[in-house]
């Protein structure tokens, strides 16, 4: 293209973190980290659409957002199913005239040994189909509309420090999760390069220990390690990941793109 769409640098701190009025889509925004993300945007004055498999759960979430006074909706969507994604994306663009922020958060994990004769390979495909192919499905249906709108925007893919480490895997088998998140990181950097001309910034966030629905799958030894060894000495909270997503989507984050950013309380400094 002959013309690049450049975002405007901030001149001062007035409105530097403002996302009010932005149109936001969050996959898996009905629980765990996703709920923290959708809540952070709603509390910051953004319009929010939640995509999730459990419509009733998502509807309850957006009903709770009504107090913040913007526009909210929820559409049932299984991101591992391209036809489901296409149907949800159609509804998104009927609700919004454009999308400013897409957060690909929906994801799943496993505790099955890859070489488990009964379930190992099927679990591999199940996790990869959601965590990696699912992100590609959503981007393929939402990003073209973002490009066509000509307003720029932000895509944030929720990865994991599991993309960078496999320590503890003998006790906590999660190889397809690790592989899928590593793929998300590389895909994010690719998207940052190819969408940058359209003013669309793309980053991945790599959460470490965050309180979510996955807590129950963590071995006690890992939880003890977090409390004793990490510089933060605690798990993070979903709303903290949400706050970081708000920052990356705000004018203050305009120079951050193509980054895979740990959000781990110092986990990677320990091992």
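Condition check ((1) surrounded by fewer than 21 Cβ atoms within 10 Å (Cβ to Cβ); (2) assigned to a helix (DSSP H, G or I)) across all residues:
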{"site": "221", "(1), (2)": "yes, yes"}
{"site": "224", "(1), (2)": "yes, yes"}
{"site": "233", "(1), (2)": "yes, no"}
{"site": "243", "(1), (2)": "yes, yes"}
{"site": "246", "(1), (2)": "no, yes"}
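Answer yes if at least one residue in segment 48-60 is crowded, with 24+ Cβ neighbours inside 10 Å, in a helix (DSSP H, G or I) and either at pLDDT 95 or above or touching a strand residue (DSSP E or B) at 6+ places or on another chain (Cβ under 6 Å) (or both), and no otherwise. Yes, some residue in segment 48-60 is crowded, with 24+ Cβ neighbours inside 10 Å, in a helix (DSSP H, G or I) and either at pLDDT 95 or above or touching a strand residue (DSSP E or B) at 6+ places or on another chain (Cβ under 6 Å) (or both).
The values are calculated or read from the model by the stated rules, or taken from the named source; none is laboratory data. The model shown is predicted, which means the values in this text are computed figures rather than measured ones. So basically every Cβ, Gly included, is an ideal-geometry build from the backbone, and we count neighbours across all protein chains shown.
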